[in-house]
Amino acid sequence: MKEKIVVLGSNGQIGTELVSMLRKIYSVDAVVACDIRRPDYDIKNSGPFEFVNVLDKEMLLNIFNKHKPTQVYLLAALLSATGEQNPKLAWDLNMNGLLNVLDFALQFKTAKFYWPSSIAVFGPHSPKDVTPQYCIMDPNTVYGTSKLAGERWCEYYYLKYGLDIRSIRYPGLISWRAAPGGGTTDYAIHIFHDALKKAGYESFLSAETELPMMYMDDAIRGTIELMDAPASQISVRSSYNFAGISFTPVELATEIKKHIPNFELTFSKGDPRQQIAGGWPKSIDDSIAREDWGWKPEFDLAKITADMLNNLKR
Ligand code: NAD
């Protein structure tokens, strides 16, 4: 079957990298990038781009009619920190955007559907260490609540209508190509920019805040591996736990100091993102993803730090 892939929310931190990888794999014209905002990256020049608002059913209908996608990736969302600033909009976009696109995927018989969840589905009463796939989940942000509800909808569309849905609970993603979209783990990107610019960074998360993180290269590879896996190997249709590494701001700073010895880390107090981070796991048990479709991360903290600094320097 000739693949036609539509990526909705293509211009963000993940979309910019996912679109270019999918275009390498499937050809430039096979991948249609779609976003509500103009691409400030070279997505538009490197292949087809369409303006699409996932809350506008007319626009979605046009896109599905025009491209008849065999695969849809839905990345449009408001993230954890920005979501808390505008909870109603976050709920509307994250929930109704998902339901709109799920319905068109059904109507147009899209063969495979990808939608990312997040470690934000866990909450203060979830186990913090090596958090299992199935446990108490009591997210206390609108973002986490919308992701948990979204996971239930994804599983429902799979069980009830047979839509081939695949999903991953991403940890905080670290990358250098595009700016992060307003998440709680963004500090782990800003720190590299400031390390190179001024050999110092003021962290909005406290010294000992340990969170699950992953390098973007691993996240994109894992996403495509999940989408390529035979349906018979996918046992989780809500969203898979997915892990790279875990570290604190101090551990990250120690690694950066190996490259920039005079680097200094300081801390601000009272940032609302500290409270969000406090409700999240420190590390994730991703054994089901490893068993089902062979997931294995490649980037440790030393490799991430060296790669970030080398690329940002350029
Ligand atoms: P981002 O904020 O960088 O990008 C989201 C994109 O969606 C933006 O380009 C934005 O313009 C677009 N968008 C917003 N509203 C839209 C609408 N109504 N219609 C169409 N497009 C719209 O986010 P990201 O970091 O690339 O995240 C993508 C997905 O991955 C989200 O679902 C997010 O929750 C999830 N995720 C990301 C991370 C991370 O660390 N980046 C971690 C966990 C989960």
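Quick notes
- For segment 260-269, 3J(HN,Hα) computed residue by residue from phi via the Karplus equation (6.51, -1.76, 1.60; θ = phi - 60°) reads 10, x, 8, 5, 10, 9, 10, 10, 9, 10 Hz, glycine and proline entered as x.
- For the residue pairs Lys24/Lys112; Lys147/Lys296; Lys88/Lys128; Lys57/Lys160; Lys198/Lys303, alpha carbon separations beyond 26 Å are given by Lys88/Lys128.
- Extended-chain gain in nm, criterion 0.36 nm per residue less alpha-carbon gap, Leu106 and Ser46: 18.7 nm
- Top positive-direction residue, dipole computed over segment 86-183 with Cβ charges, set Ala178, Asn100, His125: Ala178
- Whole-percent carbon and sulfur share, accessible surface of the chain, 1.4 Å: 52 percent
- The Cα center of segment 109-127 and the Cα center of segment 174-249 differ in position by 15 Å.
- Rounded to 5, percent antiparallel among DSSP beta bridges of the chain: 10 percent
- Between the amide H of Ser246 and those of Met213, distances stay under 5 Å, these residues lying 5 or more places away or on another chain, with hydrogens modeled in the peptide plane.
- Of the residues Cys135, Cys34, the one with the largest accessible area comes first in the ranking Cys135, Cys34, computed with a 1.4 Å probe on protein heavy atoms.
- Student exercise, the chain dipole from Lys, Arg, Asp, Glu Cβ charges, in Debye to nearest 20: 680 debye
- Surface accessible to a 1.4 Å probe, Arg177 within the full protein complex, Å²: 100 Å²
The values are calculated or read from the model by the stated rules, or taken from the named source; none is laboratory data. Just so you know, these numbers come straight off a predicted model, no measurement behind them. Glycine gets a Cβ as well: all are built from the backbone with ideal geometry, and neighbour counts include every protein chain shown. Accessible surface is based on the protein model in full, side chains and every heavy atom, while ligands, DNA and RNA are left aside. Shrake-Rupley method; radii C 1.70, N 1.55, O 1.52, S 1.80 Å.
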